[in-house]
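Each remark here refers to the structure printed beneath this line.
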Amino acid sequence: MLKIKSALDSERLDLVEQDLRETGFHIVENVITDEEADEAREAVWKLVDEDIANGYDHSYGDGKIRRVWAIVGKTPIFRWLIQHPTVVAVWKRMLGEDVIASTFTANIVGPGAPAGGWHIDYPYWAMQSPFPSGSLTGQTVWMLDDFTVENGATACIPGSHKTLRRPELGEAEGLEMAVAAAPKGSIMFTNGAIWHQSRPNLTDTSRVGLLGMYNRSVIYPQEDMPRQLTDVELAGESDILKQLLGRNIPFRHPNHGQNWHRTDTGFRQV
Ligand SMILES: O=C(O)CCC(=O)C(=O)O
Ligand SMILES: [Fe+2]
């Protein structure tokens, strides 16, 4: 049975908020136990096997960085992690009580992988600059292995989210970066507009991470989150999971003006 630890206290949340606004990232160590991280990592590798068996190859970085998409519906542990109280507390603070999930994937930086490439996250990469100031979205990097300077840990350029634009090609090279080296089970939260990338993996073992992005509810999610659990699967789940999957967002029906909600296949009257 998985044990849920309490969310961060308000003093720590103040610090997370300040760091996300000023520096652009904040690490909380040991949010889950080694055993829980191991269980999640094993689940990721099973999904990789399934992707390969099904003929999917979601890899980049010379084929050495592998992505598993849409994990929330695929294994119960991911349903638990996407709504972890520490994560929900941070993103409710930054993005509003009605926060939604935008995408939840696994990212495996394999042995010999090159750097992932400096970028900003969705929806910023889909937007023209200057971006609005304030937070539209945030990234949650779950470390399912120890993240080290050598094995492909995520790197950020502190303060770069304040430029309110994407980096020009080559612009981030040579700027001072911070590397998210932290033990397995930790989380790095980032401002979605920060310039960042996974570093090269110089070791002979893979580095497994999960990437959970959360949006203000008025921003269309990057993945089709409402379809990832069926109505039946979602029926017994928590209200916060339903909210995160975008099942509580009201849409006006075009004919009779009443509010409808998303289902796994369409819409239903509230
Ligand atoms: O896995 C990582 O370290 C970061 C990957 C990333 O930034 C992304 O996929 O958007
Ligand atoms: Fe990213």
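Any read-out appearing in this document is the output of simple, stated calculations on the displayed coordinates, not a laboratory observation. Keep in mind it's a predicted model, so treat the numbers as computed, not measured. Heads up, the Cβs are rebuilt from the backbone with ideal geometry, glycines too, and the neighbour counts pull from every protein chain shown.
Of note:
- Packing-based ranking, highest mean first, of 193-206, 225-238 given that Cβ atoms within 10 Å are counted: 193-206, 225-238
- The Kirkwood hydrodynamic radius of the range 51-197, based on inverse pair distances between different Cα atoms, is 16.5 Å.
- Interchain or long-range residues, amide H under 5 Å from residue 65's placed H: 60, 110
- Highest GNM mean-square fluctuation among 253, 26, 161, for the chain modelled with Cα contacts below 10 Å: 253.
- Ordered by the count of other Cβ atoms within 10 Å of each Cβ, fewest first, 94, 177 give 177, 94.
- Beta bridges by DSSP in the chain, antiparallel share as percent, to the nearest 5: 100
- Of 102, 87, 211, farthest towards positive along the dipole that unit charges on Lys, Arg, Asp, Glu beta carbons give the range 10-216: 102
- Ordering 160, 102 from the fewest to the most neighbouring beta carbons within 10 Å gives 160, 102.
- Residue by residue, the range 71-87 carries 3J(HN,Hα) couplings of 7, 4, x, 9, 8, x, 4, 6, 5, 6, 5, 5, 10, 4, x, 5, 5 Hz when phi is fed to the Karplus relation 6.51 cos²θ - 1.76 cosθ + 1.60 (θ = phi - 60°); x denotes Gly or Pro.
- J(HN,Hα) series, the range 118-132, from Karplus relation 6.51 cos²θ - 1.76 cosθ + 1.60, nearest Hz, glycine and proline x: 5, 7, 10, 9, 4, x, 4, 5, 9, 10, 7, 8, x, 6, x
- Counting only Cα atoms, the chain measures 57, 43, 38 Å along its principal axes, largest extent leading.
- Violating pairs (Cα-Cα greater than 31 angstrom) within the set 74/162; 46/162; 184/242: 74/162; 46/162
- Restricting the range 117-178 to GluC sites (Glu not before Pro) that sit in a DSSP loop and have at most 11 other Cβ atoms within 10 Å of their own Cβ leaves 168, 173, 176.
- Local net charge near residue 208, Cβ-Cβ under 13 Å (Lys/Arg +1, Asp/Glu -1): +1
- Charge dipole (the chain, unit charges on Cβ, about Cα centre) - positive-most of 123, 186, 157: 123
- Residue among 153, 178, 40 with the largest mean-square fluctuation in a Gaussian network model of the chain, springs linking Cα atoms under 10 Å: 178
- Note, ³J(HN,Hα) from phi for the range 11-21, Karplus 6.51, -1.76, 1.60, rounded to Hz, x at Gly and Pro: 5, 5, 4, 4, 5, 4, 4, 4, 5, 5, 6
- Local electrostatic count, residue 199, Cβ distance below 15 Å [Lys/Arg +1, Asp/Glu -1]: -4
- If the segment from residue 149 to residue 232 were pulled out straight at 0.36 nm per residue, it would be longer than the present Cα-Cα gap by 25.5 nm.
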